[in-house]
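Input: a single structure, listed below in structure tokens.
The values are calculated or read from the model by the stated rules, or taken from the named source; none is laboratory data. Computed from a prediction, not measured in an experiment: that's the story for all the values here. FYI the Cβ positions are ideal-geometry reconstructions off the backbone, even for glycines, and counts take in every protein chain you see. Note: accessible area is taken over every heavy atom of the protein model, side chains too, but ligands, DNA and RNA are not part of it. Shrake-Rupley method; radii C 1.70, N 1.55, O 1.52, S 1.80 Å.
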Amino acid sequence: MAKKKKKRVFKIKNILILLGIVLGITSIIYYALIMPIKNIYIDGNNILSDNEIIELSTLSNYPSFLLTKSTEIKTKLKKNPYIENVKVKKKLGNIIELHIKEYTPICMTSNQIILSNGNKLDNTYNLSDIPTLTNEIEEKKIYQKFVKKFATIDKNILRQISEIEYQPVEVDKERFLLYMNDGNLVYITLTKINSLNKYNQIKDKLENHLGIIYLDSGNYVEIKK
């Protein structure tokens with residue numbers, strides 16, 4: 001009988017040890033799953049604030065790091081009309097990095113913003129450092145090309161434009177007149193839009209004079225009298 005008792009005690013010990021190991025592993029897994037996000041780093045956003053992005057991605061309550069899916073964050077953020085793309089990186093230390101790419105605002109009308117994808121949005125953010133399109137581009141193909149081409153202009157050059165006026169002529173339906181903040185006028189056609197990125201170099205040649213710069217044809221400058 002004594003031998004049987006020892007065996008029984010030995011078995012109970014083993015069972016308790018096994019239960020302790022299982023409980024320990026379960027606790028580790030549980031605490032790992034509920035461990036919250038500690039830090040959120042955001043870059044690339046110029047229009048949307050960090051707080052807006054955190055709220056849109058539903059991370060404001062700093063949920064579980066392991067249970068938060070990168071694909072879900074990306075899907076939620078891309079629903080915002082200003083966001084073109086998002087890269088989500090999860091790093092050791094329960095850190096999440098959100099790399100935001102916004103659509104570029106290329107110009108505005110009287111009450112709307114035109115983005116680099118052609119969408120028009122109400123100017124809820126009161127953007128003012130982009131040019132104003134003063135008249136309508138009725139032909140759809142030209143409008144689409146206008147958006148595509150103006151989206152390639154250097155942002156620093158774009159900020160130097162005060163107004164954009166669609167000014168087609170019989171020989172060129174893609175011609176625009178740009179009113180620059182410094183008082184110069186620039187004629188440009190969409191096929192030569194890249195030449196506008198050299199505006200500062202062209203302006204320097206005016207030697208503090210104001211002029212009309214023809215980049216639509218001939219690439220010449222007429223000094224204003």
- Checked segment 60-112 for anything under 12 Å from LYS38 (Cα atoms) and in contact with a Ser or Thr (Cβ under 6 Å, 6 or more places away or on another chain); matches are none
- Message: Go through segment 174-197 and report how many residues are touching a helix residue (DSSP H, G or I) at 6+ places or on another chain (Cβ under 9 Å) and surrounded by fewer than 14 Cβ atoms within 10 Å (Cβ to Cβ).
- Response: 3
- Subset of segment 56-74 (residues that are in a loop (DSSP other than H, G, I, E, B) and surrounded by fewer than 16 Cβ atoms within 10 Å (Cβ to Cβ)): THR58, SER60, ASN61, TYR62, PRO63, LEU66, LEU67, LYS69
- Note on the structure: Matching residues in segment 198-225 (basic (Lys, Arg) and either part of a strand (DSSP E or B) or open to solvent by less than 10 Å² (accessible area, probe 1.4 Å) (or both)) number 0
- Task: Can you run down the residue pairs with Cβ atoms below 8 Å, 6 or more apart or on separate chains, where the first is in segment 170-198 and under 16 Å from GLN144 (Cα atoms) and the partner is open to solvent by 80 Å² or more (accessible area, probe 1.4 Å)?
- Result: LYS173/GLU139; GLU174/THR191
- Query: Do we have ILE137 as under 21 Å from ASN111 (Cβ atoms), within 29 Å of the chain's Cα centre (by Cα) and among the β-branched types (Val, Ile, Thr) here?
  - Reply: yes
- Message: For the list (1) part of a helix (DSSP H, G or I); (2) open to solvent by less than 60 Å² (accessible area, probe 1.4 Å); (3) out of contact with any helix residue (DSSP H, G or I) (no Cβ under 7 Å at 6 or more places or on another chain); (4) touching a residue at least 40 places away in the same chain (Cβ under 8 Å), I need the number of the one condition that LEU121 fails.
- Response: (1)
- Note on the structure: Reported set for segment 137-166 where residues are closer than 17 Å to TYR179 by Cβ and outside any helix (DSSP H, G or I) is ILE137, ILE153, ARG159, GLN160, ILE161, SER162, GLU163, ILE164, GLU165, TYR166
- Message: Consider segment 198-225. How many of its residues are touching a strand residue (DSSP E or B) at 6+ places or on another chain (Cβ under 8 Å), modelled with pLDDT under 80 and among the basic types (Lys, Arg)?
- Response: 1
